[in-house]
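Quick notes on the structure that follows.
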Amino acid sequence: EKSDLASPSAMVASLGEATAVVLAAKVEELQGSLQKRGLAAVQQHESPTTSGCVVCMEKAVNKATLTCGHNTCANCASELKARGVSEPCLLCKPAMPLSADSLWELGLRVYVKMQRKNLRPNCAWDGLLPALQKEWDDAIELWTAAAELEGPASAEAAHALGSAYKWGQGVAPDLVKAMGYYQAAAEKDHGQAQHALGAMHEEGYEYDAEFRIAKDLFAARRWHEKAAEKGHVESRLAYARLCFNGDGGLVEFSEAQKHWAAAADRNIPAACTSLGMLYINGQGVAQSLAKGRKYLQKGEGLGDKDGSTYLKSVEKRIAEGCPLLE
């Protein structure tokens, strides 16, 4: 699905003529730079046994040959496609128009390059080499503009900016900016941003001596629910826990059961154990030691220590003659 502001004229109207001109030049410059480096990587790593990746510009790992004939790492290609880029090869792409999609894609290509430099998500990126820092600064600039627009690419850019500012990835950490960008993406129905926003509200953060983000369990529950309904596993667990404890709203055992069951179906150990205890205690479900034991056994088998502890207690009750209540 393309951005609602895909045309250059719409971009100018949204961002202003001066900003659009600067961004158009930046898109052209960054695309040209990435294409030049990609071609150099192909030439550098080409041999009878190796190939260069046109995405990360390193030696291709688990080489995948694209329809155009160029090669890429399997992970690099899948990362781009998973985040909305249908054609991984930038060497064969014509000049990119000024659009939210282009702004997002070029920044994402820089991000994928960063990952091959062992710069991982959910941690700070300190001391980038000047050339990498320059590319990353350009990516942040393009994403910042994209986040002001509409459409899926805008939501992706806002979410990525939220993570960059939360963790300090090539930028100074700024939890206020992080929450603002997560909020912008979450309101555009971005599931990962909804989870991230729910987690920030649930945990609260000390920002500095004079400012902190206080816990807000009502907001946490609301955003975790939205992400959980999209199938986000961590938000399923968080939302189920909040519902079970009555944090941020009423106690809702049925909602806890629904999302723990969905997570248990995906073999999440803690969900199996929590679901097992719901059946053991008959909270929002018909009490059943048999069903409870089944889920506790599954949790134990998946490595959950609590599942093992609770299972021993249940087995003892069964041995003492407690009915299984199938």
List, please: which pairs have Cβ atoms under 8 Å, are six or more places apart or on different chains, and start with a residue in segment 292-310 that is in a helix (DSSP H, G or I) and end with one that is among the basic types (Lys, Arg)?
GLY307/LYS298
Would you tally the residues in segment 102-133 being touching a residue at least 24 places away in the same chain (Cβ under 8 Å), of a type outside the set (S, T, N, Q) and not in a helix (DSSP H, G or I)?
7
Filtered residues of segment 291-326 (kept if β-branched (Val, Ile, Thr) and open to solvent by 80 Å² or more (accessible area, probe 1.4 Å)):
THR309
Quick one: in segment 73-101, of everything that is without any contact (Cβ under 8 Å) to a residue 24 or more places away in the chain and farther than 20 Å from GLU156 by Cβ, which residue is least open to solvent (accessible area, probe 1.4 Å)?
ALA74
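Going through ALA219, ALA178, ALA227, ALA238 one at a time, which residue ends up being at pLDDT 95 or above and under 16 Å from HIS159 (Cβ atoms)?
It is ALA227.
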Can you tell which of SER254, SER288 is of a type in the set (Ser, Thr, Tyr) and surrounded by fewer than 16 Cβ atoms within 10 Å (Cβ to Cβ)?
SER254
State all residues of segment 219-241 that are more than 16 Å from ALA196 (Cβ to Cβ) and open to solvent by less than 10 Å² (accessible area, probe 1.4 Å); if no residue qualifies, say none.
ALA240
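The values are calculated or read from the model by the stated rules, or taken from the named source; none is laboratory data. Just so it is clear, the model here is predicted, and its values are computed rather than measured. Backbone-built Cβ (ideal geometry, glycine too); neighbour counts: all protein chains shown. Each accessible area value is taken on the protein alone, full model and side chains, heavy atoms only, with ligands, DNA and RNA left out. Shrake-Rupley method; radii C 1.70, N 1.55, O 1.52, S 1.80 Å.
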